[in-house]
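Beneath this line is the structure, given in structure tokens, with notes to follow.
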Amino acid sequence: MQRIIRVCILIAISFLIVSCGKVTGGKASAQNDSLSSEVNQQVVNGERVQVNGSGNYGVYDMTGELVDKLNNNPIDHSYVVEFKELNQSKNFSTLAQVELESKYIKLWDAELNAIYNKLLTKLNPEEKEVLIESQKGWLQHHMKESEFVNQVFNLRDSGPVFGSQGRVQMPQAIKGRVRERTLELMEYYSLLGNDVQFVFASDAI
């Protein structure tokens with residue numbers, strides 16, 4: 001399962017870079033200085049950069065404590081710090097943004113594999129089988145969605161639909177789906193009476 005997820009991510013990123021090429025952009029500055037979990041987006045030169053998305057996770061959390069913990073996670077905090085540093089750097093470019101997104105796709109992928117394996121250990125054989133099938137279904141959707149977006153908006157005969165920011169938004173969308181699935185599985189793990197801990201550690205918090 002871990003190998004399949006990594007192949008999916010590598011294929012999606014390869015499509016992105018090959019079909020869009022290497023294009024550098026202008027320097028931008030982040031206009032939101034808050035690292036709070038209450039801030040869902042940063043605005044940079046009018047472009048919204050997704051950090052914390054609202055997804056399916058948190059549906060079963062009656063107190064809101066778990067959602068607060070999941071939204072206030074070390075990966076998102078580290079991403080915001082690196083995103084700001086990049087936007088204030090002389091090395092800012094579209095390619096550099098794509099590389100940053102690729103880095104955090106891999107971090108969320110590692111977190112997803114970790115919580116998936118932890119959750120499996122808490123299930124009986126029948127429940128394990130259902131989770132495995134559920135994860136296969138999610139992975140198929142994830143791969144097909146990436147393939148659809150790339151085919152329709154990058155590889156059309158009439159030319160790409162996305163502008164330069166599309167080169168960043170596509171991996172952001174991939175990262176967002178992996179992130180959401182990770183947090184969703186973390187909620188299930190928590191509902192079974194387990195303490196949710198992130199593998200990734202950061203000094204950003």
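Taken together, the criteria exclude Glu133 from residues that are under 23 Å from Asn73 (Cα atoms), of a type in the set (D, E, K, R) and part of a helix (DSSP H, G or I). For segment 28-43, the count of residues that are modelled with pLDDT under 90, part of a loop (DSSP other than H, G, I, E, B) and at positive phi is zero. Filtered by the rule that a residue be of a type outside the set (Phe, Trp, Tyr) and either modelled with pLDDT of 95 or more or in a loop (DSSP other than H, G, I, E, B) (or both), segment 148-170 gives Asn154, Leu155, Arg156, Asp157, Ser158, Gly159, Pro160, Val161, Gly163, Ser164, Gln165. Condition first: polar (S, T, N, Q) and more than 26 Å from Gln197 (Cα to Cα). Now tell me which residues in segment 104-161 satisfy that. Selection gives Gln140, Ser146, Asn150, Gln151, Asn154, Ser158.
Quick grid of which residues meet (1) in contact (Cβ under 8 Å) with a residue 60 or more places away in the chain; (2) in contact with a Lys or Arg (Cβ under 9 Å, 6 or more places away or on another chain); (3) part of a helix (DSSP H, G or I):
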residue	(1), (2), (3)
Tyr60	yes, no, no
Leu70	yes, no, yes
Leu95	yes, yes, yes
Glu99	no, no, yes
Lys103	no, no, yes
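Quick check: is even one residue across segment 80-100 over 15 Å from Glu184 (Cα atoms), acidic (Asp, Glu) and surrounded by 18 or more Cβ atoms within 10 Å (Cβ to Cβ)? Scanning segment 80-100 turns up no residue that is over 15 Å from Glu184 (Cα atoms), acidic (Asp, Glu) and surrounded by 18 or more Cβ atoms within 10 Å (Cβ to Cβ). In the set (1) surrounded by fewer than 17 Cβ atoms within 10 Å (Cβ to Cβ); (2) of a type in the set (A, V, I, L, M, F, W, C); (3) under 30 Å from Asp61 (Cα atoms), Phe153 fails one condition alone, (3). Criterion applied to Leu183, Leu123 was being of a type in the set (A, V, I, L, M), under 29 Å from Asp68 (Cα atoms) and part of a helix (DSSP H, G or I), and the one residue passing it is Leu183.
The values are calculated or read from the model by the stated rules, or taken from the named source; none is laboratory data. In this text the structure is predicted, and so the values were computed from the model without any measurement. Note: ideal-geometry Cβ built from the backbone for every residue, glycine included; neighbour counts use all protein chains shown.
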